[in-house]
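See structure below.
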Amino acid sequence: MKLRSACGLFVTSVFLTACGGGNDGEGFVYPGKDGAPLPFTTLQTLNNADKTAIRNGGFGAAMAPHPTLAGHFYAMTDRGPNADPLAGAIPGGKFFPVPSFTPQIGLFKLDDKGQVTLVRTVALKDPKGRSITGLPNSAFGSTGEVAYNLDGSKVTLDPDGSGVQGVDESGLDPEGLVALADGSFWVSDEYGPHMVHFDASGKEIARINPFAADPRNRTGRVLPPELAKRWPNRGMEGLAITPDGKTLVGIMQSNLYNPTSAVGSINLTRIVTVQLDTGARAQYLYKQDAAGLANSDIVALSATSFLVIERDTKFFGRDTGTVRKNLYKIDLAKATNVDASSGTLSHPSITRDGATGLLVNGKTLELVAKDGGTDNNYAAGWAALADVGIQPVGKTLVYDAVKEMAYPHDKMEGLWVIDANRVGIVNDDDFAIEPNGSGGVRQKVLGNGKVDANTLYVVKLAVPLY
């Protein structure tokens, strides 16, 4: 049996407790109830009404424990500062105030006062060793987004040397992170979605995505093609690896636009597993508590059980209505493998399509859920899936961050399982900017009036995870 130690490692048979925290002689303590901010620098200050400071910062897309150093963890940025323009003003457009920004992984450590310091950063690079950007892909993973500067002009950078401005075929919007003992990293993103393997220096060495024609994929190792139907900015938000180091596990942020965007927003999203040696894969359905929510991270607890974040995008203390920032323990053991490559489902109404995956009476799984209606959280659609033998993953609430700590941030995104009773959480501060409602950006401010900042919280769970 393998369990996770306080350092975030998996150890055999015996749970180790001497990896830090408290005042146990390891040279660090975990932060108090108010959390510990991550350090930042200022990328630029805008000449607008509130003199918006764009921070770097931004280390909140994902986190992972260092495989060997107690009290150390990695945190990762996403594609860089960005914002949506006014609806209809620039169709398909996206503002990139710092278009040359390179997504990066930071190594952080806790000190003996529970504060966080930055040890070093790893800038992500393409297979040729060139720094990537967060600009959209042009072919394998295009979201249809067009990159604009804040003044409304198109971005003219050509970081991949393709001759096409404003795109980067190696560009990523990183959201999921796995740190391996050999110093390398696996990263998932929201464009392709792509799973990308980087060496310790940040250089790309392998890739897995849904595009069979992409030469960067190793033969026989591709993601299910239907995952390419993610809606923009709602791709593969979380990434984990099983304790034996053999299987990557990714979770999509929201439902797919499968077969088209007419599906809209529902409460069905997908988990995919890929065996690294064979490319064999499986898919499982996850039932969110409501349509429009997001699964932001996933961490393996065992070969089949995982801890996931499920959240909305509201600020507690700033927005009205229900605010959700929850941690769920899930188990794949009794869930149904719905990947088209699986032969386990043989119901006469089930067929398989090369682009949209498993079908029930000719409908995608997303359409089955949608067409059942919205009543009781799409109960009729989920019942229709159960009727043909499809069961989602089981889930158990283990922590409600709004109820327990009045979690003030909108985006709970990074997750670190420290031990059976403690979990680290970090938010995405979006480089401290947000749309201002009039075509520009402003400082991102919490309900308490403070500027949003990446903050590490360490919380204790009422029930042990294992």
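The values are calculated or read from the model by the stated rules, or taken from the named source; none is laboratory data. What you see is a predicted model; the values in this text were computed from it and never measured. Quick reminder, even Gly has a Cβ in these numbers, built from the backbone with ideal geometry, and neighbours come from all protein chains shown. Note: areas computed on protein heavy atoms with side chains; ligands, DNA, RNA excluded. Shrake-Rupley method; radii C 1.70, N 1.55, O 1.52, S 1.80 Å.
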Filtered residue count, the range 207-235, keeping only those that are open to solvent by 20 Å² or more (accessible area, probe 1.4 Å) and either assigned to a loop (DSSP other than H, G, I, E, B) or farther than 24 Å from Leu256 by Cβ (or both): 13
Any residue in the range 379-400 that is assigned to a loop (DSSP other than H, G, I, E, B), farther than 19 Å from Arg324 by Cβ and open to solvent by less than 30 Å² (accessible area, probe 1.4 Å)? yes
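For every residue, the table says whether it meets (1) touching an Asp or Glu at 6+ places or on another chain (Cβ under 8 Å); (2) farther than 22 Å from Pro225 by Cα; (3) in contact (Cβ under 8 Å) with a residue 60 or more places away in the chain.
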site: Asn137; (1), (2), (3): yes, no, no
site: Val146; (1), (2), (3): no, yes, no
site: Asn149; (1), (2), (3): no, yes, no
site: Asp158; (1), (2), (3): no, yes, no
site: Glu175; (1), (2), (3): yes, no, yes
site: Ser188; (1), (2), (3): yes, no, yes
site: Phe198; (1), (2), (3): yes, yes, yes
Is it fair to say Thr322 is part of a loop (DSSP other than H, G, I, E, B), surrounded by fewer than 17 Cβ atoms within 10 Å (Cβ to Cβ) and under 25 Å from the mean Cα position of the chain (by Cα)? yes
Which residue is surrounded by the most Cβ atoms within 10 Å (Cβ to Cβ), if the candidates are limited to the range 242-267 and must be polar (S, T, N, Q) and closer than 19 Å to Gly192 by Cα? Asn255
Any chance the range 365-372 includes a residue that's crowded, with 18+ Cβ neighbours inside 10 Å, among the hydrophobic types (A, V, I, L, M, F, W, C) and within 18 Å of the chain's Cα centre (by Cα)? no
Within the range 66-91, count every residue that is more than 17 Å from the chain's Cα centre (by Cα) and assigned to a loop (DSSP other than H, G, I, E, B). 14
Quick check on my filter: what residues within the range 66-96 are in contact (Cβ under 8 Å) with a residue 40 or more places away in the chain and open to solvent by 20 Å² or more (accessible area, probe 1.4 Å)? His66, Thr68, Leu69, Ala70, His72, Asn82, Asp84, Pro85, Leu86, Ala89, Ile90, Gly92
Close pairs (7 angstrom Cβ cut-off, 6 or more residues apart or separate chains): small (Gly, Ala, Ser) in the range 372-400, part of a strand (DSSP E or B) anywhere: Gly394/Ile330; Gly394/Asp331
Can you find a residue in the range 31-42 that is open to solvent by less than 30 Å² (accessible area, probe 1.4 Å), over 20 Å from Leu456 (Cα atoms) and modelled with pLDDT of 95 or more? no
For the range 293-304, which residues satisfy the criterion of being in contact (Cβ under 8 Å) with a residue 40 or more places away in the chain and either open to solvent by less than 40 Å² (accessible area, probe 1.4 Å) or assigned to a strand (DSSP E or B) (or both)? Ala294, Asn295, Ser296, Asp297, Ile298, Val299, Ala300, Leu301, Ser302
Apart from one, (1) over 19 Å from the mean Cα position of the chain (by Cα); (2) in contact (Cβ under 8 Å) with a residue 12 or more places away in the chain all hold for Ala262; the odd one out is (2)
Within the range 383-390, is there a residue that is among the hydrophobic types (A, V, I, L, M, F, W, C), touching a helix residue (DSSP H, G or I) at 6+ places or on another chain (Cβ under 7 Å) and under 30 Å from His347 (Cα atoms)? yes
Select from the range 268-292 the residues that are surrounded by fewer than 21 Cβ atoms within 10 Å (Cβ to Cβ) and farther than 22 Å from Ser342 by Cβ and write down the one among them that is nearest to the chain's Cα centre (by Cα). Gly292
Those residues that are in contact with a Lys or Arg (Cβ under 7 Å, 6 or more places away or on another chain) and either in contact (Cβ under 8 Å) with a residue 60 or more places away in the chain or in a loop (DSSP other than H, G, I, E, B) (or both), I need them from the range 97-109; list them, please. Pro103
Does Ala200 satisfy the criteria of being more than 25 Å from Ser296 (Cα to Cα), hydrophobic (A, V, I, L, M, F, W, C), more than 19 Å from the chain's Cα centre (by Cα) and not in a strand (DSSP E or B)? no
Could you please find all residues in the range 339-367 being assigned to a loop (DSSP other than H, G, I, E, B) and in contact (Cβ under 8 Å) with a residue 60 or more places away in the chain? Asp339, Ala340, Ser341, Ser342, Gly354, Ala355, Thr356
Quick count over the range 46-65, residues being at pLDDT below 95, open to solvent by 10 Å² or more (accessible area, probe 1.4 Å) and under 22 Å from the mean Cα position of the chain (by Cα), is 1
May I ask you to list the residues in the range 134-143 that are out of contact with any strand residue (DSSP E or B) (no Cβ under 9 Å at 6 or more places or on another chain) and either open to solvent by less than 50 Å² (accessible area, probe 1.4 Å) or of a type in the set (A, V, I, L, M) (or both)? Asn137, Ala139
Would you mind stating whether Asp112 is open to solvent by 10 Å² or more (accessible area, probe 1.4 Å), in a loop (DSSP other than H, G, I, E, B), acidic (Asp, Glu) and in contact with a Lys or Arg (Cβ under 8 Å, 6 or more places away or on another chain)? no
Find the residue count for the range 446-458, including only residues that are in contact (Cβ under 8 Å) with a residue 24 or more places away in the chain and over 15 Å from Pro37 (Cα atoms). 2
